[in-house]
1. Roughly to the nearest percent, how much of the accessible area of the chain is carbon and sulfur, given a 1.4 Å probe?
2. What number comes out for the charge environment of Ser74, summing +1 per Lys or Arg and -1 per Asp or Glu over other residues with Cβ under 13 Å away?
3. Based on the mean of other beta carbon atoms within 10 Å per residue, what is the order of 81-94, 113-126, most packed first?
4. Quick check for you: with a 1.4 Å probe and neighbouring chains kept, what is the accessible area per residue of the chain, in Å²?
5. Order these peptides, 155-165, 171-181, by their mean beta-carbon neighbour count within 10 angstrom, highest first.
6. Anything in the chain that counts as a DSSP H helix reaching 20 Å or more along its axis (C-alpha) with Kyte-Doolittle mean of at least 1.0? List them, would you?
7. Based on the inverse mean of 1/r over its pairs of different Cα atoms, what is the Kirkwood hydrodynamic radius of region 76-135, in Å?
8. Just name one of Phe69, Leu121, Cys46: the one whose Cα is farthest towards the positive end of the charge dipole of the chain (beta-carbon charges, Lys/Arg +1, Asp/Glu -1).
Amino acid sequence: LGVRRFTIKPTNPISLIELNWVVIAFVFGVVVGLSSYLYIKLYVLCKKGFTKIGETWIQISVASFLGAFVILVSGLLFPGRTEFLETGFNLLNTLSQDINSNTFTFLIILFLFKAVIILFLISGGNSIGIFSPSLVLGGILGLLFSLATGMTAFADVFFVLGMVGTLAGTAKTPISSMILILEMTGLP
């Protein structure tokens, strides 16, 4: 079996020796850290709401219905855009194929839809895990940051950094996250 890697090939490496890149990396780290913190707080709030429903099977059923409803709405609003229906590695590979072709508006909408779907499913008791959702949200967040700051030439770098940062923030494993993404992407 061959190793499956993301098809990301950074064209413009970042030199962390230069002070401006240190500042940019710091700002991006704060953005990723705050978004991870906010997402965990929303998870706890949602989880409390689902526990008021009653039995576990009812919680999972309601969460699954809500997640499926959001997926249905996204499919109806954006016909032909498979990104809304894809999950995990398929979505990351789709986004990384032509990383600079995504618009800011599309990525915001995709981020919000994916965040809500994942939030409902995880807080409702479905076992979708935290690994893949963290990578998806982090990758999209990295692309959003590169577009918002006008650094589209480095979109691929922020895509990977977003995955690492979000996984590290949500799983609370910074060193493991760096090593894991290094292995997955083959990028130093």
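The values are calculated or read from the model by the stated rules, or taken from the named source; none is laboratory data. This is a predicted model, so every value here is computed, not measured. When we count neighbours, we look across all protein chains shown, and the Cβ atoms used for this are built from the backbone with ideal geometry, even at glycine. To get the accessible areas, we keep the full protein, side chains included, count just its heavy atoms, and leave off ligands, DNA and RNA. Shrake-Rupley method; radii C 1.70, N 1.55, O 1.52, S 1.80 Å.
1. On the way: 7370 of 10390 Å².
On the chain, the fraction of accessible area on carbon and sulfur atoms equals 71 percent.
2. Working: positive: Arg81, Lys114; negative: Glu83, Glu86.
With Lys, Arg at +1 and Asp, Glu at -1, the neighbours total 0.
3. On the way: 81-94: 16.0, 113-126: 20.5.
The densest-packed peptide leads the list: 113-126, 81-94.
4. Values: 10390 Å² over 188 residues.
Per residue, the chain has 55 Å² of solvent-accessible surface.
5. Numbers: 155-165: 25.2, 171-181: 14.5.
Highest mean packing first, the order is 155-165, 171-181.
6. Working: long enough: 19-51 (48 Å, 1.41); 56-77 (31 Å, 1.92); 104-123 (28 Å, 2.80); 131-148 (25 Å, 1.87); 155-171 (23 Å, 1.59).
Answer set is 19-51, 56-77, 104-123, 131-148, 155-171.
7. Details: mean 1/r = 0.0806 Å⁻¹.
After inverting the mean inverse Cα-Cα distance, the result is 12.4 Å.
8. Cys46
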